[in-house]
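Inspection log for the structure reproduced underneath, given as structure tokens.
Any read-out appearing in this document is the output of simple, stated calculations on the displayed coordinates, not a laboratory observation. As the structure is a computational prediction, the values presented were derived from the model and not from experiment. No Cβ is skipped: glycine too gets one built from the backbone with ideal geometry, and neighbour counts run over all protein chains shown.
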Amino acid sequence: MGKALEARGVSARFNEQVILREVTLQMPANQVTAIIGPPGCGKSTFIRCLNRLHETTPGATLSGEVLLDGHSVYDMDPTEVRRSVAMIFHRPNPFPTMSILDNVAVGLRLHGLRNRARLAESAEQALRRAALWDEVKDRLHLYSSVLSLGQQQRLCIARALAIDPVVVLMDEPASTLDPLSTLVIEELIEELKRQYTIIIVTHNLQQAARVADKTAFFLDGEMIEQGTTTALFTTPQDKRTADYVTGRFG
Amino acid sequence: MRQVSARGWNGLFAGVLAACVLVVIGAGILALATLIVASAPSIREFGISFLWIPAWNPLHRQYGALPFLYGSFLTAGIAVLLAGVIGVTTAVALTQIGVRWLRSVLSLLLEVLAVIPSVVYGVWALLVIVPIIARLTDHQAGGSVGAFTGSGFGMLAGGVVLGVMVMPTVVAVTREAIASAPKDIAEAAMALGATRQETVALAVMPFVRKGILGSLYLGLARAFGEAVAVSLVIGNQPRSGGGLLGRASTLASMLAHTLSGTVPPLQTAALYELGLVLFLIAAVFYGLGRSYIAREAISLGFLPW
Amino acid sequence: MTRVSYKTGRKLKNALFVSILSLMTSLAVLPLLSLLWSIGVQGVAALVGLFGAPLSRGAASAVLASALVQSLITAAASVAIAMPLGVAAAIYSSQYAGLRAGRTIRFIMDILSGLPSILSGMVVFVLLSGVSSMLAGVLALVLYMLPVVVRMADQVLVAVPVAYIEGSLALGASRIQTIFAVVLPTAGKNLVTALLFVVARMVGETAPLLVILDGGATFQGKAGFQPLPLRLYSALAQGGSVSHQIVYAEALILLAIIVAVYGLARWVGRSDR
Ligand SMILES: Nc1ncnc2c1ncn2[C@@H]1O[C@H](COP(=O)(O)OP(=O)(O)OP(=O)(O)O)[C@@H](O)[C@H]1O
Ligand SMILES: [Mg+2]
């Protein structure tokens, strides 16, 4: 089951430059929360704070709190946080030096599972959840680069699901994919939210409207408005939100 | 009065530049030809067996490269082993751990190491390395400190100095390779909950193998070609055999040591043949090293010798 | 999917990894610190000794000054020949040569860069049939610096974005105008840095001069031309150990000059931030 995630007054900076200002946002369990906003407004930075990936960048600092099911992730071991809060990147990034199977199994191996049969079993399960199994079951030992981009992105999803996370972060997961692969990913998200809490960054407002239960609008490092997707798109409270969702934004 | 067109000027300019290229290449060919001509008497006398004649004996007019090949390969081996182990791990450290200001200070210090002249390394080696080795080994040698061993001079001292001189190359080239490894793959590993060590092993090292190999070859080239510092501490004894602590000679150190005196003609020719052998080996290593390194940076690590 | 707890082992491994990296990094900078310390301490003591005593002051400063001047003249002359020639060749290989020709030139330069410095001295010695002069020393330095200059300059010039060059050509500028107005100014800072690196190495270079000047001069009693590095080497090679004050003083001065040139190179090449 998914768990709720909550950001409380999260501020982030690169060197002296402030990227995020006091962002507070609730991301309910087993729902899809979409984050929208113009390029460079700090969407990626925000979700990278949620799995503590932000702090691995040189010069990056942050303050505030992120609570996973009520527990502060900044009090936990970062590797454990990342294990519970998985991440999909905007460009598919499977390990090019590993086979398809190893790509999915590597997370479990890292976390100590050695038994081959169980690894294969878990990998299959993850690939099925990512709706990729039927397409790769005969090619498990080939390099991941034989797959199409859309398949590679689903491979990355399978890799993330294999370690049994409770939250899945997606940073524009379909932005480099063709319309058909995008559709497959969107259907997948619909499917996955039964088991995971999903936070998705997207540039595509239709996509947010299609998949998200809740949407938050970011501008210039600040969270301007949040609400149910329907409310945010139909009755925005803030003028800037209204401008953005109606495409009047300059 | 005819006007020279812009096209004409451009052609002239390109021609002059091309001539400069030819001058540089010509100078190189001239150098190689000179080495061959100057070593002709020795080549005629000894043929290819020059490479494995195990002695350098002016009294018997017997000259062979084996003692120096032995010394060169062994000292360069020690050097690249030391520089490889320490340099590669340092490059990983400078890119993966520690705070940023410390990283940049350390990187700067290591670059300074690359710019120090070899003769200054020689002074340092005489002041520091030779006495340390002497202190550590003279006890073990007991009373048997002969002409060929002891007092710190020898193969080990040469190898250690070379190792220090080669290390900046290894660090610079490896660091560059790590910097150009794909970031998103490393982030994928971290996002799976990999530790730093696991991320490096899984998602960084597979992309830098070539760079490391390249840096080691460049290091070998430099270790082979270095004459001055080595000749001051290696003891200058042309012998094939003799252990790490034994006095020895490398191809380059022999040249530095001997050519500053007056020598008989055949020996001079043999020395030039040593130089020829040295050039071939160093050029092969240097070329190999460069061929492994795709992206380059302006860095002292790429300066040869 | 079950969870396997495995935390402690991984943490230990990571801690070990970090400690080994730190240890190795300390080992890597140790030689530099040791070198700066030993030569710094001895060098300063030597300078104080030499210049503190009225008797030795005149002699010491005369010797050091002449060696220094000769060093700088040799280096300056070699730079004056090698830089224009090398940079011109690099402009050709980066701007005019096609893909294949450029690659061939780079390959040849790589092979030639493998020429160990001591060999260039030997070559010039033969070519000038043993005449030992400052000219021979300069030629020897030039011979072995040239391919390196070409290679360093080439890699800086190649890095100039093709878009800039095409933009300039599209405006109707000729190739020459493009090179002087776009390529060289864009590469300028990096080019100067790269060339200063080369100069730093050239000032301290001993080996190419060794054969020519040492063989010709010291041992035949006409020690007319002896740049700093060479003086140092002869003293060390003859003594077999470091015994004279002046050696430390010379080593320190040489070190200071080279670190200064290096610092200048870094300062020129600093990123504007
Ligand atoms: N490593 C970094 N160092 C310095 N500044 C950075 C770094 N990464 C991002 N930034 C800056 O932080 C700001 C926010 O970046 P971020 O990637 O979070 O934006 P984004 O909303 O995801 O944009 P996009 O929609 O284009 O992906 C940008 O102005 C960017 O220039
Ligand atoms: Mg982004």
For a bin width of 5 Å, list the pair-distance distribution of the range C:33-106 built from all Cα-Cα distances, rounded to whole %.
3, 13, 10, 11, 11, 10, 8, 8, 8, 7, 5, 3, 1, 0
For the range A:6-79 and the range C:1-76, what is the separation of their Cα centres, given in Å?
43 Å
Please list 3J(HN,Hα) in residue order for the range A:37-42, calculated via the Karplus relation 6.51 cos²θ - 1.76 cosθ + 1.60 where θ = phi - 60°; whole Hz, with x for glycine and proline.
x, x, x, x, 7, x
Within the range A:87-113, which residues have the backbone N less than 19 Å from the label spot 7 Å out from A:Glu121 along Cα→beta-carbon, could you tell me?
A:101-102, A:104-113
A student applying the Cα gyration tensor rule (rounded when a/c is under 1.5; otherwise prolate if a/b is larger than b/c, oblate if not) would label chain C oblate
Test of understanding: in a Gaussian network model of chain B with alpha carbons linked when under 10 Å, which of B:Leu266, B:Leu156, B:Leu108 would top the mean-square fluctuation ranking?
B:Leu108
Please list, or write none, the aspartates and glutamates whose alpha carbon is within less than 12 Å of the alpha carbon of B:Lys210, excluding same-chain residues fewer than 8 places away.
B:Glu176
Selected from B:Gly289, B:Gly211, B:Gly15 as most flexible by GNM, with chain B as the system and alpha-carbon contacts under 10 Å
B:Gly15
Rounded to whole Hz and in sequence order, give me ³J(HN,Hα) for the range C:190-203 from the Karplus expression 6.51 cos²θ - 1.76 cosθ + 1.60, θ = phi - 60°, writing x for Gly and Pro.
5, 5, 4, 4, 4, 5, 5, 4, 4, 4, 4, 6, 5, 4
Compute, for chain B, the length of the dipole vector about the Cα centre, with Cβ point charges of +1 (Lys, Arg) and -1 (Asp, Glu) only. Units Debye, rounded to 20.
380 debye
Please list the three semi-axes, largest first and in whole Å, of the ellipsoid equivalent to the range B:1-122, using sqrt of 5 times the eigenvalues of its alpha carbon gyration tensor.
40, 38, 11
For the range A:66-145, what does the alpha-carbon gyration tensor say about shape, rounded, prolate or oblate, given a ≥ b ≥ c as the root eigenvalues, a/c under 1.5 as rounded, and a/b over b/c as prolate?
prolate
Long-range amide H partners of A:Ile224, meaning residues 5 or more apart or on another chain whose placed amide H is closer than 5 Å, are A:Phe217, A:Phe218, A:Leu219
If you split all Cα-Cα distances of the protein assembly as shown into 20 Å bins from zero, what percentages do you get per bin, shortest first?
14, 37, 30, 17, 2, 0
Whichever aspartates and glutamates have a C-alpha closer than 18 Å to that of C:Lys7, once near sequence neighbours (fewer than 8 apart) are set aside:
A:Asp75, A:Asp77, A:Glu80, A:Asp164, B:Glu198
Under 28 Å from the Cα of A:Lys193, which lysines turn up, not counting those fewer than eight places away in the same chain?
A:Lys3, A:Lys43, A:Lys137, A:Lys214
Apply the membrane-span-like helix rule to chain B: whole DSSP H runs, Cα extent along the own long axis of at least 20 Å, mean Kyte-Doolittle hydropathy at least 0.5. List the helices found.
B:6-46, B:66-96, B:100-115, B:155-179, B:205-225, B:265-292
Can you bin chain B into rounded, prolate or oblate? Criterion: square roots of the alpha carbon gyration tensor eigenvalues sorted a ≥ b ≥ c, rounded for a/c under 1.5, prolate for a/b above b/c, oblate for the rest.
oblate
For B:Ser249, which sequence-distant residues (separation of 5 or more, or a different chain) have an amide H within less than 5 Å of its own amide H, given hydrogens modelled in the peptide plane?
B:Gly71, B:Gln237, B:Arg239
Orientation-averaged projected area, Cα convex hull of the range A:144-197 (nm²):
3.7 nm²
Sequence of B:Leu51, A:Leu177, A:Leu119 once ranked by neighbouring C-beta atoms within 10 Å, starting from the fewest:
B:Leu51, A:Leu119, A:Leu177
For the protein assembly as shown, size of Cβ-based charge dipole, Lys and Arg +1, Asp and Glu -1, in debye
700 debye
Amide H contacts under 5 Å for B:Gln62, restricted to residues at least 5 apart in sequence or on another chain and with H modeled in the peptide plane, are B:Asn57
State the volume of the convex hull built on the alpha-carbon positions of the range A:108-150, expressed per residue in Å³ and rounded to an integer.
93 Å³
Over chain A, with a Gaussian network built from C-alpha contacts below 10 Å, which listed residue (A:Thr215, A:Thr79, A:Thr229) shows the highest mean-square fluctuation?
A:Thr79
Taking Rh as the Kirkwood radius computed over alpha-carbon pairs of the range C:119-182 and applying Stokes-Einstein at 37 °C with viscosity 0.692 mPa s, one gets a diffusion coefficient in µm² s⁻¹ of 226 µm²/s
Size-normalised alpha-carbon gyration radius of the range C:1-40, reference 2.2 N^0.38 Å:
2.06
Rank these for me by crowding, B:Thr199, A:Thr61, going from fewest to most other beta carbons within 10 Å.
A:Thr61, B:Thr199
With angles folded into 0 to 90 degrees, how steeply does helix A:179-192 sit against the dominant principal axis of chain A? Use alpha carbons for both and round to 10.
90 degrees
One point scatterer per Cα, no solvent, Debye formula: log10 I(q)/I(0) for the range A:1-68 at q = 0.16, 0.28 Å⁻¹ comes out as -0.53, -1.36
Per residue of the range A:61-67, what does 6.51 cos²θ - 1.76 cosθ + 1.60 with θ = phi - 60° give for ³J(HN,Hα)? Whole Hz please, x for Gly and Pro, Karplus curve as stated.
9, 7, 9, x, 10, 10, 10
Hey, what did chain C get for relative contact order, percent, Cα under 8 Å, at least 6 apart?
27 percent
Rounding to the nearest 10 and keeping the result within 0 to 90°, find how far the Cα-based axis of helix A:100-110 lies from the longest principal axis of chain A.
80 degrees
Would you mind giving the average projected area, over all directions, of the Cα convex hull of chain A in nm² with one decimal?
13.3 nm²
If we count other beta carbons within 10 Å of each Cβ, what is the order of B:Arg103, A:Arg82, fewest first?
B:Arg103, A:Arg82
